[in-house]
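Everything on this sheet refers to the single structure shown next.
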Amino acid sequence: MPKVEITDSKGLVQKTGSGFESSKMPKSLLTMGSSVTQLTFAAADGGGVDYTGGKFFVLHGKSKKYQVHFSSVGGASQDTPTKLEGHTLVSIGNIAAAANATAVGAAVVTAVGAGSGAGIAELTALNNAGVVTVASVNCQKAAADDTRGNLSSTDITTLTIVDSGAGDDTAGVALRPGAVNLLKSPDFGASNIINNDGTGGADNAKFTLGDGDYAGQEVTIVRATASATCGAHIVVLSHMRDIDGGAIVNDEEITFEAAAHTDGSPLLKCVWDGKAWLYIGPAQAEMGFSGAT
């Protein structure tokens with residue numbers, strides 16, 4: 001039997017292969033989160049370490065790939081590396097020839113940015129004694145490429161993918177109607193809070209839920225990580241009203257609290273009535289589910 005695919009535009013379509021596929025059928029479980037990378041830099045004068053000659057590493061944002069290079073070492077300008085296809089060049093300011101790991105990390109954070117609108121606006125970074133953590137300010141699909149660039153294992157002693165997002169590579173992050181949507185947020189500890197929605201305010205991530213596909217369709221949204229240092233998650237419902245009726249509210253924001261909860265992770269379950277998502281509890285009041293307000 002050939003593979004059968006059903007789409008909005010063409011209806012039933014036969015394709016090579018076997019099985020059934022529908023563009024309207026959501027995944028049963030969708031996980032979303034920020035992509036987070038940690039790079040541990042060595043001291044510039046360490047044995048075998050060399051940040052000269054056009055050395056660079058690569059960072060992945062939701063919309064672009066960035067080629068971050070050391071432009072000056074010890075006051076001497078360095079060659080600009082050949083631009084990789086599809087990448088944007090970002091230069092790191094001068095580092096001393098004898099810069100320790102902390103100083104190298106600080107220069108990298110200055111180039112990448114430590115908040116919304118600084119450096120690379122869609123990324124944010126922090127430095128802990130040369131261990132630089134870079135996170136996407138918007139949830140995104142994971143990037144599979146090695147981000148080391150042409151730096152050696154001596155220059156970057158450790159390269160770790162802490163967490164990989166699996167969201168839509170579109171404007172905003174769309175939750176799936178009908179699916180169980182699991183929202184992740186890395187916990188960096190109380191002293192290393194990452195702002196991961198690009199607003200420059202309190203640490204939080206924003207997700208959108210569009211209209212349902214049919215009356216009676218259910219959606220479940222679960223916050224996977226309950227920790228005060230992970231910040232709040234905000235879910236924007238396209239259309240919403242109380243389960244007992246009432247007016248429809250457009251683009252209503254539901255906040256999943258940042259604090260840990262003794263009764264488990266916060267969750268929200270809604271039903272599409274054909275025009276809006278029905279939910280339990282009045283707007284902006286404590287809901288019937290842990291941690292959602």
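The values are calculated or read from the model by the stated rules, or taken from the named source; none is laboratory data. What you see is a predicted model, and the numbers here were worked out from it, not measured in a lab. Note that each Cβ is placed from the backbone with ideal geometry, even for glycine, and that neighbours are counted across all protein chains shown.
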- Message: Can you tell me which of (1) in contact with a Ser or Thr (Cβ under 8 Å, 6 or more places away or on another chain); (2) surrounded by fewer than 19 Cβ atoms within 10 Å (Cβ to Cβ); (3) at pLDDT 95 or above is the one Ala43 doesn't meet?
- Response: (1)
- Note on the structure: Per the filter on the stretch 259-293, residues modelled with pLDDT of 65 or more and of a type in the set (A, V, I, L, M) are Leu267, Leu268, Val271, Ala276, Leu278
- Query: Going by the structure shown, is Ile193 closer than 21 Å to Leu59 by Cβ, modelled with pLDDT under 75, surrounded by fewer than 18 Cβ atoms within 10 Å (Cβ to Cβ) and in contact with an Asp or Glu (Cβ under 6 Å, 6 or more places away or on another chain)?
  - Reply: yes
- Message: Of all residues being part of a loop (DSSP other than H, G, I, E, B) and loosely packed, with under 13 Cβ neighbours inside 10 Å in the stretch 144-168, which is modelled with the lowest pLDDT? Just the residue, please.
- Response: Ala144
